[in-house]
Amino acid sequence: MKHVKPINQKAARIEAYVAHEAEKARDEELDVVGLRTPPHEMDGPHYPLGCSLQFSPGWEVDNRGGTAGLCQPIERDIFDCHISCFWPAHVPDQLNHSPDWTGQCASAQKDWRKLDLIFP
Amino acid sequence: MNPPVATGAPDATDAGPVLSLRDFHPFEAYGARFLYMVPSAGIFRMDDAGGAVLDALAQGPRGLDDLVAELGDRLDVDRLLETIEELTEIRAIGDPGAPRDEAPNDLPPPDFPLNTMVLNVTNKCNLACTYCYEYGDDKIVDTQYGKQPKFMSEETAEESVEFLLRQSGEQPTAHLTFFGGETLLNFPLLQKTVAYANRRAAEEGKRITFSLTTNATLLKPEIIRWLADNDIGVTISIDGPKPVQDGLRVFHNGRGTYDVVLPKIKELLATHRSRPIGARVTLTQKHLDVLDIYRHLTEEVGFFEVGLAPVTTQEHRDYAITPESKSHMLRQFEELAEEWLEHALRDEHHGFTNVTDTIEEIHKGVSKAYGCGAGLGLMGVATDGEVALCHRFAGSPEHTIGSVSEGVDREKQERFLVDHHIAEKTDCHKCWARPICSGGCYHEAHVQYGDSSHANLHYCTWVRSWTHTCLEIYGALAEKNPKFLERFGA
């Protein structure tokens with residue numbers, strides 16, 4: 001940095017982090033930001049941060065302030081999607097067509113085998 | 001539920017992306033402007049372009065183009081744009097709608113090593129200091145009729161040493177502090193434990209260092225000799241000149257202790273040269289002449305270091321420090337801090353440890369998840385071998401997290417770590433001093449609010465003022481004597 005000078009040890013680490021991020025940003029393979037895992041988690045596992053796993057008052061951003069953790073139709077077709085979500089998912093639509101889909105499933109942990117396929 | 005919503009570009013106007021100030025605390029030294037970033041605790045120095053950008057954004061958020069137009073007649077546009085980019089990178093400025101930065105809400109790893117163990121070798125004391133948190137009005141544990149033995153046994157002390165060696169994990173060094181009651185009432189145990197610990201540490205290829213806290217009444221030549229020979233760090237609890245010391249630090253019959261301890265302390269200071277000897281002062285409403293106390297203890301008695309702490313007690317006690325007195329005390333702290341800075345600028349030692357400790361934390365840029373290391377890197381052991389969060393809670397069943405024979409109850413420890421994490425302290429979320437304070441002392445919280453996880457709200461103003469003062473000192477050293485700061489870097 002030329003104009004903002006790091007003074008203490010933590011600031012030096014922040015400067016190094018910023019430089020490292022800038023270096024990575026120049027990598028052409030990484031220019032799609034919307035769905036990718038945040039850079040500091042690149043080496044770790046991908047945690048699904050979908051709706052059923054977090055408290056999120058709005059859906060606009062995930063709890064990291066980005067969009068990477070929001071549910072995607074291809075990867076978030078999970079049990080919780082069936083109740084009130086309008087987003088088309090591959091689970092039965094309990095609002096309109098299959099209101100009794102979970103009728104035999106009082107507790108998902110115990111009764112998940114009773115969630116049957118739906119035939120049109 | 002969470003359907004994906006296209007958010008598009010961040011808030012933008014015709015004047016480019018909108019910028020506003022983010023989370024930091026500004027301070028100055030010798031005309032230079034610095035930012036203390038929250039919650040990262042990084043410190044950056046601004047040049048005049050950086051200062052101009054921050055001043056402009058202090059008037060309210062504005063678009064990039066407007067900002068450049070506003071400042072472009074005074075500053076070179078390229079330099080301005082670079083400065084804005086750098087300020088954005090360190091997150092001093094940014095999108096007004098961006099979420100606040102919070103430190104990660106992570107628990108420390110389960111094998112976090114124990115660094116310091118405080119051994120309450122006795123819960124008896126030969127003094128009856130009015131304000132004592134162990135025997136006074138605010139005590140947590142019934143030290144007189146409670147179930148704990150009055151003295152720790154040799155067996156428990158040895159088990160404690162084993163516990164420390166085990167819990168210190170891969171760390172090559174661990175620290176053992178003897179505490180009480182009056183520590184020296186159980187001097188035979190200290191001798192045996194130090195010998196045992198040295199032997200066992202050597203067998204394990206480790207090193208254990210020792211220290212103790214004492215009221216100095218029982219010091220005698222052979223004890224002082226032993227302390228010096230074994231490199232035992234010594235902290236003396238003492239409140240100041242005779243009228244101050246004799247006010248609240250008294251024997252059971254009410255007699256003051258000053259005349260008894262003074263010659264013993266002088267002998268200790270003259271004989272024990274292997275480790276610096278510190279004084280630990282409890283400040284109360286009765287005696288708040290901080291400067292007088294400090295000068296007496298350093299210049300007249302000869303202590304190398306003096307640390308001062310306001311008494312922990314409920315507000316209604318007559319020795320509890322009133323809010324007005326807190327500001328008076330703060331002014332005197334600031335005066336001493338100024339003196340500390342003058343010494344540091346000349347590369348000289350100054351014994352006011354309250355500054356030294358804070359400067360070290362500022363230099364490293366610590367951003368704490370917990371107010372202190374209690375229950376994690378530091379634990380207190382009661383006379384019966386129960387392990388508590390720290391020495392102040394030793395013997396309290398509510399704050400026990402295991403025993404030296406059976407180890408740490410990981411479930412209890414984890415519950416403690418979850419409940420006391422800074423992320424749980426909503427009062428602290430908007431405070432700029434949270435990287436350093438992190439809600440404060442658990443024992444202080446327990447005495448004041450009956451809940452150890454409560455933030456120390458009665459000290460907020462004090463902590464912010466004091467941290468600001470120490471930041472200014474840090475900035476001054478960074479400007480005029482940056483080499484001095486290197487000694488805090490290790």
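The values are calculated or read from the model by the stated rules, or taken from the named source; none is laboratory data. The shown structure was predicted, so the numbers you read here are calculated from the model rather than taken from an experiment. Methodologically, a virtual Cβ is constructed for each residue, glycine included, from the backbone with ideal geometry; neighbour enumeration extends over all protein chains shown.
So that you can scan it fast, the table gives a plain yes or no per residue for (1) touching a helix residue (DSSP H, G or I) at 6+ places or on another chain (Cβ under 7 Å); (2) within 14 Å of chain A (Cβ to nearest Cβ); (3) in a helix (DSSP H, G or I):
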| residue | (1), (2), (3) |
| --- | --- |
| B:CYS460 | no, no, yes |
| B:HIS468 | no, no, yes |
| B:GLY475 | no, yes, yes |
| B:ALA478 | yes, yes, yes |
| B:LYS483 | no, yes, yes |
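Checked against (1) under 18 Å from B:SER367 (Cα atoms); (2) touching a strand residue (DSSP E or B) at 6+ places or on another chain (Cβ under 7 Å), B:SER438 meets all criteria but (2). When you look at B:ASP142, is it crowded, with 16+ Cβ neighbours inside 10 Å, part of a loop (DSSP other than H, G, I, E, B) and among the acidic types (Asp, Glu), yes or no? It is false that B:ASP142 is crowded, with 16+ Cβ neighbours inside 10 Å, part of a loop (DSSP other than H, G, I, E, B) and among the acidic types (Asp, Glu). Of the residues making up the stretch B:250-272, those that are closer than 24 Å to B:ASN230 by Cβ and among the polar types (S, T, N, Q) number 1.
Condition check ((1) of a type outside the set (Phe, Trp, Tyr); (2) in the same structural domain as B:GLU203 (by TED's automatic domain parsing); (3) within 20 Å of B:ILE401 (Cβ to Cβ)) across all residues:
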| residue | (1), (2), (3) |
| --- | --- |
| B:PRO108 | yes, no, yes |
| B:LYS124 | yes, yes, no |
| B:ALA128 | yes, yes, no |
| B:TYR131 | no, yes, no |
| B:TYR135 | no, yes, no |
| B:ILE140 | yes, yes, yes |
| B:GLN171 | yes, yes, yes |
| B:GLY180 | yes, yes, no |
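The condition (being closer than 25 Å to B:VAL261 by Cα and within 22 Å of the chain's Cα centre (by Cα)) is satisfied by just one residue among B:VAL301, B:VAL306: B:VAL306. Scanning the stretch B:32-46 for residues being outside any strand (DSSP E or B), within 11 Å of another protein chain (Cβ to nearest Cβ) and within 15 Å of B:THR88 (Cα to Cα) gives a total of 2. Suppose we keep only residues that are β-branched (Val, Ile, Thr) and in a helix (DSSP H, G or I) within the stretch B:284-314. Which one would you say is nearest to B:ASP246 (Cα to Cα)? Top of the filtered list is B:ILE293. For the stretch B:91-101, the set of residues classified as at the interface with chain A (Cβ under 9 Å from one of its Cβ atoms) and either in contact with a strand residue (DSSP E or B) (Cβ under 6 Å, 6 or more places away or on another chain) or without any contact (Cβ under 8 Å) to a residue 60 or more places away in the chain (or both) consists of B:ALA92, B:PRO99, listed by residue number. So, B:LEU165, is that one in contact with a strand residue (DSSP E or B) (Cβ under 8 Å, 6 or more places away or on another chain) and surrounded by fewer than 23 Cβ atoms within 10 Å (Cβ to Cβ) or not? Yes: the conditions hold for B:LEU165. The residue that is farthest from the other protein chains (Cβ to nearest Cβ), counting only those in the stretch A:1-17 that are part of a helix (DSSP H, G or I) and surrounded by fewer than 18 Cβ atoms within 10 Å (Cβ to Cβ), is A:ALA16. A residue that is modelled with pLDDT of 95 or more, over 24 Å from the mean Cα position of the chain (by Cα) and polar (S, T, N, Q) can be found somewhere in the stretch B:179-186.
Can you work out which of the residues in the stretch B:256-279 that are part of a loop (DSSP other than H, G, I, E, B) and of a type outside the set (D, E, K, R) is surrounded by the fewest Cβ atoms within 10 Å (Cβ to Cβ)?
B:SER274
The lone criterion from (1) in contact with a Ser or Thr (Cβ under 7 Å, 6 or more places away or on another chain); (2) under 27 Å from B:TYR135 (Cα atoms) left unmet by B:ALA374 is number (1). Residue count for the stretch B:62-90 satisfying the condition of being closer than 21 Å to B:ASP23 by Cα and either more than 14 Å from chain A (Cβ to nearest Cβ) or outside any helix (DSSP H, G or I) (or both): 5.
Right, B:ASP73: modelled with pLDDT under 95 and under 30 Å from the mean Cα position of the chain (by Cα) or not? No, not satisfied.
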